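Inspection log for the structure reproduced underneath, given as structure tokens.
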């Protein structure tokens with residue numbers, strides 16, 4: 001019975017608090033919107049991946065500073081390259097759009113393009129914040145003796161389709177980059193998909209693959225130990241962390257590609273709620289933890305929100321549409 | 001002797017009051033999370049990760065490692081007491097733990113699980129302490145063909161898990177493998193087997209949904225039909241004599257505990273494999289090498305000792321590639337890796353050189369976590385036994401409720417709960433006709449590792465299946481696995497011919 | 001039992017065929033220089049399932065398996081009654097989650113089972129039925145931060161969130 005009593009006490013306390021709140025409310029009528037229940041923090045990728053790590057860092061920063069009245073509860077929904085997560089958010093529009101936000105990456109564009117049956121239009125989603133853009137570099141194993149892109153092209157040409165490029169999933173970012181390299185340098189590299197960037201990095205370190213196009217955060221452990229070497233970056237400028245790796249632009253084959261790390265709200269979110277989350281993630285962005293993380297992982301991309309973010313999405317969607325069309329994936 | 005010096009320093013860190021307190025707290029929390037069907041170490045570590053910002057990184061890591069350990073111990077509790085494997089790592093523990101509990105020997109099973117876990121944990125930490133860096137390079141040598149060969153070896157241990165009815169056993173293995181293929185096919189980037197275009201199938205069929213459905217619902221329906229509302233368990237009575245007898249019987253299984261610990265540890269350090277295949281293989285090996293293999297599955301203590309020693313050894317093992325290579329060997333270590341990133345630690349070959357305080361503090365706290373986990377676990381055993389004394393008409397609905405919540409918690413989708421009910425009802429109906437269901441549960445765990453490894457290997461080798469035979473590590477493993485699979489089949493066929501003749 | 005054996009085998013055979021058809025949406029053959037296609041793994045395994053069903057039917061025909069010679073009923077009337085009462089109760093509980101949420105469904109189910117199937121006293125029934133959802137709430141919603149569905153009862157929980165989260 002002790003439990004029951006505790007419950008009743010809790011209920012009584014809740015009622016009491018509720019009435020106090022209703023008395024004090026008129027005084028703070030202009031109070032900003034706040035979540036009334038735990039906020040669902042959907043992660044459009046699996047546990048342990050790049051997006052997951054960042055989502056958990058954001059959650060940690062928010063909890064550490066007590067910035068949110070109600071906790072963010074992370075849920076991974078990697079199903080169907082994020083299809084499941086997108087549909088989940090879309091469905092929230094009808095029931096409760098104000099308590100669901102999501103961490104997204106580039107599958108935010110590609111998945112609705114490749115699976116029109118889902119009926120997801122990302123234009124309807126509520127922009128919250130772009131927290132960063134992750135970079136890509138071309139990596140090889142130290143023992144291969146390859147020092148620059150010229151060596152790489154020579155070796156890959158000689159190997160023909162025996163040259164293994166490991167990447168994350170078919171028709172995902174890594175394959176877009178591989179296709180670009182194959183076309184630009186007239187190569188026949190064989191693309192082998194794995195589940196997750198960590199596994200891809202390991203294939204290279206274990207010499208099961210000849211090259212990869214990992215993010216810096218996925219290769220940094222091996223890079224620090226000198227096991228793997230970055231040859232060139234898919235960025236407009238050289239990265240501070242890898243001053244010896246030129247950009248593909250410098251080498252005469254301009255190709256820039258980023259992975260967005262953004263937070264998006266369910267479609268139909270109220271303006272007040274959207275403003276609340278935008279403010280929350282702006283604080284996260286400006287926190288020393290996040291800035292520190294950005295620096296360590298060579299993350300690019302400034303904070304974007306509101307219509308600026310939406311415009312960015314629409315532009316990127318167009319770019320991805322063309323890329324996918326070129327690959328014959330549409 | 002440098003290692004001993006490091007270890008001493010590590011112990012000084014681990015036994016700081018804050019860290020020691022965190023170890024004990026973590027073990028208790030982990031024990032309960034692990035004992036809850038549906039929740040395992042992954043959930044515990046993922047959920048408590050943000051809480052660790054309150055303490056320095058070394059303490060945070062120690063706390064999470066203690067939860068990991070506690071949950072590995074706790075998984076056995078649900079397997080023995082409820083017959084539901086709380087996590088994939090504890091599947092093999094149900095095979096013999098459950099029959100023991102039904103026979104009124106739950107105390108024996110629980111003590112065996114606790115002591116075997118302790119044994120496995122201790123051996124693996126010693127191996128970890130002594131050989132971490134050289135073992136890491138072995139983990140790197142394992143490419144796709146090697147992983148597939150290893151999975152083949154794990155499948156080989158299935159043979160003999162089923163019933164005497166060969167077609168029904170094969171059917172069960174195949175249906176588990178087919179279910180494991182549901183979801184996005186990473187090799188082609190296409191969704192596959194999305195039944196009736198229901199979006200919930202996009203993320204595949206979670207192992208837990210099938211396991212809880214079959215064991216938590218199907219098995220319960222079956223038990224309810226077979227008993228007349230009364231408890232089907234003879235109650236365990238704890239007496240000094242009993243305890244001594246149990247310990248004596250356990251003493252006889254030490255060889256199995258040693259071999260399972262080594263096996264678990266080595267399988268654990270291989271990326272992608274993790275603790276589940278390790279515990280299954282240990283069970284299979286224990287059965288194959290036993291003088292009385294026919295007792296397995298009917299309540300043989302060695303059948304509890306082997307998987308429990310192996311899964312704890314493997315969970316320590318899987319930390320090794322995470323720390324030394326930055327490659328997680330299991331889902332839980334993937335989250336721990338995320339934690340290290342948050343704390344600004346870069347896992348990789350240099351961690352052992354640059355962050356000696358962190359690494360050795362962690363290793364020393366593994367010793368401490370292991371010790372406290374076994375002590376705390378044993379203290380709680382009477383409480384768990386008391387639970388079994390509840391009337392069955394109260395225990396049964398509570399198990400259904402646990403199944404409902406446990407089926408929902410991992411993915412938080414009602415889709416999975418309905419699927420679980422479907423598997424439960426289907427499992428019950430098939431069970432009545434003697435279709436063995438354990439092979440299906442095992443297949444759905446191993447399928448998602450085996451299939452991509454198979455196809456990646458073939459893709460790299462231009463479709464040449466010889467890749468599994470002519471590589472130095474993969475070759476011997478594949479051949480052993482094939483022998484183990486074909487031998488019993490050949491035997492069965494020969495027996496049949498003999499009978500016919 | 002004999003009849004159930006062959007009916008089940010037939011149903012499972014149909015299911016295998018469905019799985020094969022479904023798998024065939026992706027390439028099921030051997031792709032030159034690549035290995036098996038995306039649907040091959042599940043297609044051929046489903047084919048093996050179908051073969052097993054044929055094998056089971058063959059054993060049934062020859063009266064080789066214990067089930068094919070058993071004259072015991074597959075489900076007698078008590079078994080059927082139990083299956084419907086218990087299985088139906090669990091099904092109803094899951095359906096209820098959509099309306100009154102996890103906690104409401106657990107409460108109703110426990111009262112149904114403990115009181116009406118178990119015939120325990122009301123005091124025992126209520127003690128367990130009420131404390132189970134409360135313990136679950138504190139374990140999942142509060143401690144583990146796994147928010148279980150609340151259905152139409154959600155407004156009742158808002159003040160609890162204010163206190164405990």
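Just to check your reading of the model, which residue among B:297, B:284, B:303 is in a loop (DSSP other than H, G, I, E, B) and within 11 Å of residue B:92 (Cβ to Cβ)?
B:297
Given the residues B:376, B:342, B:399, which is the only one that is within 14 Å of chain A (Cβ to nearest Cβ) and either under 20 Å from residue B:48 (Cβ atoms) or surrounded by 19 or more Cβ atoms within 10 Å (Cβ to Cβ) (or both)?
B:342
Looking only at segment B:402-432, how many residues end up being more than 8 Å from chain C (Cβ to nearest Cβ), at pLDDT below 90 and in a loop (DSSP other than H, G, I, E, B)?
2
Among the helices (runs of 4 or more DSSP H) confined wholly to segment B:1-93, which include 1 or more residues that are in contact with a strand residue (DSSP E or B) (Cβ under 8 Å, 6 or more places away or on another chain)?
B:41-48
Sort out which residues of segment A:207-227 are farther than 22 Å from residue A:180 by Cβ, surrounded by 24 or more Cβ atoms within 10 Å (Cβ to Cβ) and in contact with a strand residue (DSSP E or B) (Cβ under 7 Å, 6 or more places away or on another chain), and write them in order of number.
Matches in segment A:207-227: A:222 only.
If you go through segment C:50-70 one residue at a time, do you hit one that is closer than 30 Å to residue C:28 by Cα, touching a residue at least 12 places away in the same chain (Cβ under 8 Å) and more than 9 Å from chain B (Cβ to nearest Cβ)?
yes
If residue B:322 satisfies every condition in (1) over 30 Å from residue A:198 (Cβ atoms); (2) without any contact (Cβ under 8 Å) to a residue 40 or more places away in the chain but one, which is the exception?
(1)
Since residue A:301 meets every condition but one in (1) crowded, with 17+ Cβ neighbours inside 10 Å; (2) at pLDDT 95 or above; (3) more than 14 Å from every other protein chain (Cβ to nearest Cβ), which condition does it not meet?
(2)
What helices (runs of 4 or more DSSP H), lying completely within segment C:71-165, carry at least 2 residues that are at the interface with chain B (Cβ under 10 Å from one of its Cβ atoms)?
Once the helices (runs of 4 or more DSSP H) in segment C:71-165 are filtered for at least 2 residues that are at the interface with chain B (Cβ under 10 Å from one of its Cβ atoms), what remains is C:77-82, C:88-110, C:122-136.
Got a sec? Which strands (runs of 3 or more DSSP E) wholly within segment A:34-118 have at least 3 residues that are without any contact (Cβ under 8 Å) to a residue 40 or more places away in the chain and either within 13 Å of chain B (Cβ to nearest Cβ) or out of contact with any strand residue (DSSP E or B) (no Cβ under 8 Å at 6 or more places or on another chain) (or both)?
A:72-76
Given the conditions (1) within 14 Å of chain B (Cβ to nearest Cβ); (2) out of contact with any strand residue (DSSP E or B) (no Cβ under 8 Å at 6 or more places or on another chain); (3) free of Cβ contacts under 8 Å to residues at least 40 places away in the same chain, and given that residue A:289 satisfies all but one, which numbered condition is not satisfied?
Evaluating residue A:289 over (1) within 14 Å of chain B (Cβ to nearest Cβ); (2) out of contact with any strand residue (DSSP E or B) (no Cβ under 8 Å at 6 or more places or on another chain); (3) free of Cβ contacts under 8 Å to residues at least 40 places away in the same chain leaves (3) as the failure.
Which is at pLDDT below 85, part of a helix (DSSP H, G or I), surrounded by 21 or more Cβ atoms within 10 Å (Cβ to Cβ) and at negative phi, of B:154, B:136, B:114?
Exactly one of B:154, B:136, B:114 is at pLDDT below 85, part of a helix (DSSP H, G or I), surrounded by 21 or more Cβ atoms within 10 Å (Cβ to Cβ) and at negative phi, namely B:154.
Just one of the numbered conditions (1) within 14 Å of chain A (Cβ to nearest Cβ); (2) on the phi > 0 side of the Ramachandran plot is not true of residue B:38; which one?
All conditions are met except number (1).
Considering only segment A:207-247, state which residues are without any contact (Cβ under 8 Å) to a residue 40 or more places away in the chain and farther than 28 Å from residue B:457 by Cβ.
Within segment A:207-247, A:224, A:236, A:237, A:238, A:243, A:244, A:247 meet the criteria.
Which members of segment A:192-216 meet the condition of being within 16 Å of residue A:173 (Cα to Cα) and within 9 Å of chain B (Cβ to nearest Cβ)?
Those that are within 16 Å of residue A:173 (Cα to Cα) and within 9 Å of chain B (Cβ to nearest Cβ): A:192, A:193, A:194, A:195, A:196, A:198, A:199, A:201.
Only one of these conditions is not met by residue C:20: (1) more than 9 Å from every other protein chain (Cβ to nearest Cβ); (2) under 20 Å from residue B:178 (Cβ atoms); (3) in a loop (DSSP other than H, G, I, E, B). Which number is it?
Unmet condition: (3).
Report, by residue number, each residue of segment C:26-37 that is within 7 Å of chain B (Cβ to nearest Cβ) and farther than 18 Å from residue B:462 by Cβ.
C:26
From B:444, B:480, B:493, B:449, which residue is in contact (Cβ under 8 Å) with a residue 60 or more places away in the chain, surrounded by fewer than 19 Cβ atoms within 10 Å (Cβ to Cβ) and closer than 25 Å to residue B:287 by Cβ?
Just one listed residue meets the conditions, B:480.
Considering only residues that are within 13 Å of chain B (Cβ to nearest Cβ) and crowded, with 21+ Cβ neighbours inside 10 Å, which ones fall in segment A:176-190?
Correct list: A:176, A:189, A:190.
In segment A:193-206, what residues are surrounded by fewer than 23 Cβ atoms within 10 Å (Cβ to Cβ) and either in a helix (DSSP H, G or I) or in contact (Cβ under 8 Å) with a residue 12 or more places away in the chain (or both)?
A:195, A:196, A:199
Those residues that are closer than 22 Å to residue B:439 by Cα and facing another protein chain (nearest Cβ under 7 Å), I need them from segment B:181-202; list them, please.
B:181, B:183, B:193
Give A:154, A:207 a once-over and let me know the one that is over 22 Å from the mean Cα position of the chain (by Cα) and farther than 30 Å from residue B:190 by Cα.
Checking each option against the conditions leaves just A:154.
Identify all residues within segment C:38-64 that are closer than 19 Å to residue B:457 by Cα and not in a helix (DSSP H, G or I); write none if there are none.
Residues satisfying the conditions are C:38, C:39.
If residue B:5 satisfies all but one of (1) over 29 Å from residue C:147 (Cβ atoms); (2) touching a residue at least 40 places away in the same chain (Cβ under 8 Å), what's the number of the condition it fails?
(2) is the only condition that residue B:5 fails.
Yes or no: segment B:163-186 includes at least one residue that is under 30 Å from residue B:244 (Cβ atoms) and at pLDDT 85 or above.
No, because not a single residue in segment B:163-186 is under 30 Å from residue B:244 (Cβ atoms) and at pLDDT 85 or above.
Identify, please: which residue in segment B:462-473 is in contact (Cβ under 8 Å) with a residue 12 or more places away in the chain and assigned to a loop (DSSP other than H, G, I, E, B) and is, among those, farthest from residue C:74 (Cα to Cα)?
Restricting to residues being in contact (Cβ under 8 Å) with a residue 12 or more places away in the chain and assigned to a loop (DSSP other than H, G, I, E, B), the top hit is B:471.
The values are calculated or read from the model by the stated rules, or taken from the named source; none is laboratory data. Quick caveat: nothing in here was measured; it's all calculated off a predicted structure. Cβ coordinates were reconstructed from backbone atoms using ideal geometry, including for glycine residues, and neighbour counts include every protein chain displayed.
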